[in-house]
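The values are calculated or read from the model by the stated rules, or taken from the named source; none is laboratory data. All values reported here derive from a predicted model rather than from experimental measurement. Here Cβ is always computed from backbone atoms with ideal geometry, including for glycine, and neighbour counts include all displayed protein chains.
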Amino acid sequence: MGEGVELAVTDLSASARAAGGAGAAPPPDTTDLSELARRYGLGVSGARPGLIEYARQVWGRRHFIVTFASSKLAAQYTTARLGQLWQVVTPLVNAAVYFLIFGVLLGTHRGIQNYIAYLCVGVFIFNFTQQAVQSGTRSIPGNLTLIRALHFPRACLPVAATISQLQQLVLSMVVLSGIVLLTGEPLTWRWFLVIPAILLQSMFNAGLVLIVARLAAKTTDLSQLVPFVMRVWMYGSGVFYSTAIFSRHAPHAVSTLLNANPAYVFISLMRRSLMSSVPRDMVPGHLWLKAVLWAVVVGIGGFVFFWKAEEEYGRG
Amino acid sequence: MADFDDPTVIVDDVHIVYRVYGASGSRNSPAAAFSRIVRRRRPPSMREVHAVRGVSFVAHKGEAIGIVGSNGSGKSTLLRAIAGLLPPHTGKVYTNGQPSLLGVNAALMNDLTGERNVVLGCLAMGMTPAQVKQNYQQIVDFSGINERGDFISLPMRTYSSGMAARLRFSIAAAKTHDVLLIDEALATGDASFQRRSEERVRELRGQAGTVFVVSHQNKTIRDMCERTIWLESGVIRMDGDTEEVVAAYEEFSGRRS
């Protein structure tokens, strides 16, 4: 029943403001309003929840993330005549181009027994990280309208970008297995190691994508720069050739750096798992340890980094 | 102020500034961009739009508040800020629970089918897959998309703007909300859809604590709200009884046209 009173009071302030004209309304006592909010236990709208609560919310939206990811992937090819076939054809053509340049024209295959499989593993695995990062730069600016329309933890979007690329990778892995078998590699128990390797890489990628997504949300210039950074990274990751050709004559620090490179670690893991022709001494040591470290540090670090700016996403 | 019902939304001196990129200035060549960086000036292509300038008010449980004002007066922006979707530049918005925005521009994915969009929208609002399945048919029926053939399985980009708006509203309206913000959602679609949606909004209002309605149809505001806020150029021009405020607003807009 307090309504009548309230309307009368607001009327008073309204006529006062109307009399003062636009812009002349005196600002109300701000401490009063925040005090009122506190007294009735109102929370700040759109406030960032705690880290644990945030992680719980993201987990709660897991169905959204997966559906969003597969929808994005499907939407990518809806206007193409070959449709979803491109999901398989694109990595194949990609590998063919690199084979032509590095295998046939430049001949970087020296010292590598099964070059086609070696190259394909490198291209497919690096492509996973590369595509994930590139879609990560667009995951906030590209979905601004969605962000401004609905409420959900924003980390869903970069994570979905990663999952989307993971789904693409799983398809590519089928093609890749075919290539590896056709080029004469035997099917061994080590193939099972593909699964933990992909999971670790996915965790690493998700963290990286979250970091890039936050940076790109603030600095739109970043999406122009990222392709170049990724290309430099690719050439340093032993995708087309063994990085031994760099490190052979270089100081110890350089080879340590090259061997710690996460992309190189994940590619090497996959090569060791799928290809018996890649000897142990051709890949850096402590592979699994490095992979787990990268996945945990970047995965969790990226999540925290992204969460810290949760309220900022969506500001124009 | 202790005499009032419990407040549900408190807007405390909120300013909202949009940063707009690509609002190109006079000189926008690579050379100009370079000299700007060297001289450490702001790019002219980035402009700040001060959409809401120091708005404060308190809304209480059971209130229905209309918001009126000319185009570009900051009404939709203010609603987004209340919903927590657009962070204020300075000032704070306090709310009881999570407000939900029912807008016509709740964007969905144009390349996907209507069907996929319904599922995605529901999941994004936090429904479980089981709840989505349960609500799906109701949403499609409500939107009336399938009245003239099987349109729900076509991509959204093939929809007319009215159809798309109807589907978006139907998805958003499928959930119950504590604080409900309705942004022009009633103006979309044909007459029969408008009737249905007004009915649905009344239902939602019954369940919600507080309802905000933005509309350019003063009749809608008069029908639904007891209190109205008139926003002009991002500033509250008037705040009070609907009859009085809408009458003043009508006089103002009539004089201008």
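For every residue, the table says whether it meets (1) closer than 19 Å to B:Leu79 by Cα; (2) without any contact (Cβ under 8 Å) to a residue 24 or more places away in the chain; (3) buried (at least 22 other Cβ atoms within 10 Å of the Cβ).
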{"residue": "B:Arg166", "(1), (2), (3)": "no, no, yes"}
{"residue": "B:Thr176", "(1), (2), (3)": "yes, no, no"}
{"residue": "B:Leu180", "(1), (2), (3)": "yes, no, yes"}
{"residue": "B:Glu184", "(1), (2), (3)": "yes, no, no"}
{"residue": "B:Ala191", "(1), (2), (3)": "no, yes, no"}
{"residue": "B:Glu232", "(1), (2), (3)": "yes, no, no"}
{"residue": "B:Glu244", "(1), (2), (3)": "no, yes, no"}
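Report whether or not B:Val213 is under 25 Å from B:Gly72 (Cβ atoms) and in a helix (DSSP H, G or I).
Values: under 25 Å from B:Gly72 (Cβ atoms): yes; in a helix (DSSP H, G or I): no.
When the stated conditions are applied, B:Val213 does not pass them.
Among the numbered criteria (1) surrounded by fewer than 17 Cβ atoms within 10 Å (Cβ to Cβ); (2) within 30 Å of A:Pro279 (Cα to Cα), which one does A:Met173 miss?
Here A:Met173 clears every test but (1).
Does segment A:13-26 include one or more residues that are more than 9 Å from chain B (Cβ to nearest Cβ) and modelled with pLDDT of 85 or more? Walk me through how you get there before you give the answer.
As a first pass, look at segment A:13-26 and keep what is more than 9 Å from chain B (Cβ to nearest Cβ): A:16, A:19-20, A:26.
Pick out the ones that are also modelled with pLDDT of 85 or more and you get none.
Checked segment A:13-26: no residue is more than 9 Å from chain B (Cβ to nearest Cβ) and modelled with pLDDT of 85 or more.
Output the number of residues of segment A:216-235 satisfying the condition of being in contact with a Leu (Cβ under 8 Å, 6 or more places away or on another chain) and surrounded by fewer than 19 Cβ atoms within 10 Å (Cβ to Cβ).
Within segment A:216-235, the first condition is being in contact with a Leu (Cβ under 8 Å, 6 or more places away or on another chain), and the residues that meet it are A:216, A:222.
Okay, now just the ones that are also surrounded by fewer than 19 Cβ atoms within 10 Å (Cβ to Cβ), so A:222.
So the answer is 1.
So A:Ala80 passes all but one of these: (1) surrounded by fewer than 17 Cβ atoms within 10 Å (Cβ to Cβ); (2) touching a strand residue (DSSP E or B) at 6+ places or on another chain (Cβ under 8 Å). Which condition number does it fail?
Every condition holds for A:Ala80 apart from (2).
For segment B:148-164, what are the residues that are part of a helix (DSSP H, G or I) and touching an Asp or Glu at 6+ places or on another chain (Cβ under 9 Å)? Even if it seems obvious, please write down each step before you answer.
Restricting attention to segment B:148-164, the residues satisfying the condition of being part of a helix (DSSP H, G or I) are B:148, B:156-158, B:161-164.
Correct list: B:Met156, B:Arg157, B:Gly162.
Just need a number here: residues in segment A:38-88 that are closer than 18 Å to B:Val119 by Cα and not in a loop (DSSP other than H, G, I, E, B). Quick ask: steps written out before the conclusion?
We begin by selecting, within segment A:38-88, every residue closer than 18 Å to B:Val119 by Cα; these are A:58-75.
Cutting the leftovers down to not in a loop (DSSP other than H, G, I, E, B) gives us A:58-60, A:62-75.
So the count comes out to 17.
Evaluate segment B:38-47: report whether one residue or more is in a strand (DSSP E or B), modelled with pLDDT under 80 and either under 25 Å from A:Gly142 (Cβ atoms) or at the interface with chain A (Cβ under 10 Å from one of its Cβ atoms) (or both). I'd like the intermediate steps shown before the answer.
Step one: filter segment B:38-47 for residues in a strand (DSSP E or B), giving B:47.
Cutting the leftovers down to modelled with pLDDT under 80 gives us B:47.
Checking which are either under 25 Å from A:Gly142 (Cβ atoms) or at the interface with chain A (Cβ under 10 Å from one of its Cβ atoms) (or both) leaves us with B:47.
Yes, the conditions are met somewhere in segment B:38-47.
Of A:Gly314, A:Gly285, A:Gly299, which residue is modelled with pLDDT under 80 and either aromatic (Phe, Trp, Tyr) or surrounded by fewer than 21 Cβ atoms within 10 Å (Cβ to Cβ) (or both)?
Details: A:Gly314 fails: either aromatic (Phe, Trp, Tyr) or surrounded by fewer than 21 Cβ atoms within 10 Å (Cβ to Cβ) (or both); A:Gly299 fails: modelled with pLDDT under 80.
Result of the check over A:Gly314, A:Gly285, A:Gly299: A:Gly285.
Quickly run through segment B:193-207 and pick out the residues that are farther than 24 Å from B:Leu112 by Cα and either of a type in the set (Phe, Trp, Tyr) or surrounded by fewer than 21 Cβ atoms within 10 Å (Cβ to Cβ) (or both). So that I can check it myself, show each step before the final result.
So the first thing to find is which residues in segment B:193-207 are farther than 24 Å from B:Leu112 by Cα, and the list is B:194-207.
Residues satisfying the conditions are B:Gln194, B:Arg195, B:Arg196, B:Glu198, B:Glu199, B:Arg200, B:Arg202, B:Glu203, B:Leu204, B:Arg205, B:Gly206, B:Gln207.
Tell me which of these B:Ser35 doesn't satisfy, since it passes every other one: (1) surrounded by fewer than 13 Cβ atoms within 10 Å (Cβ to Cβ); (2) modelled with pLDDT of 75 or more; (3) within 13 Å of chain A (Cβ to nearest Cβ).
Result: B:Ser35 passes all but (3).
If I filter segment A:28-37 down to residues being of a type outside the set (A, V, I, L, M, F, W, C) and assigned to a helix (DSSP H, G or I), which single residue comes out as surrounded by the most Cβ atoms within 10 Å (Cβ to Cβ)? It would help to see each step written out before you state the result.
First, the residues of segment A:28-37 that are of a type outside the set (A, V, I, L, M, F, W, C): A:28-32, A:34-35.
Imposing the further condition that a residue be assigned to a helix (DSSP H, G or I) reduces the set to A:30-32, A:34-35.
Working: A:Thr30: 13, A:Thr31: 9, A:Asp32: 13, A:Ser34: 18, A:Glu35: 10.
Within segment A:28-37, the match that is surrounded by the most Cβ atoms within 10 Å (Cβ to Cβ) is A:Ser34.
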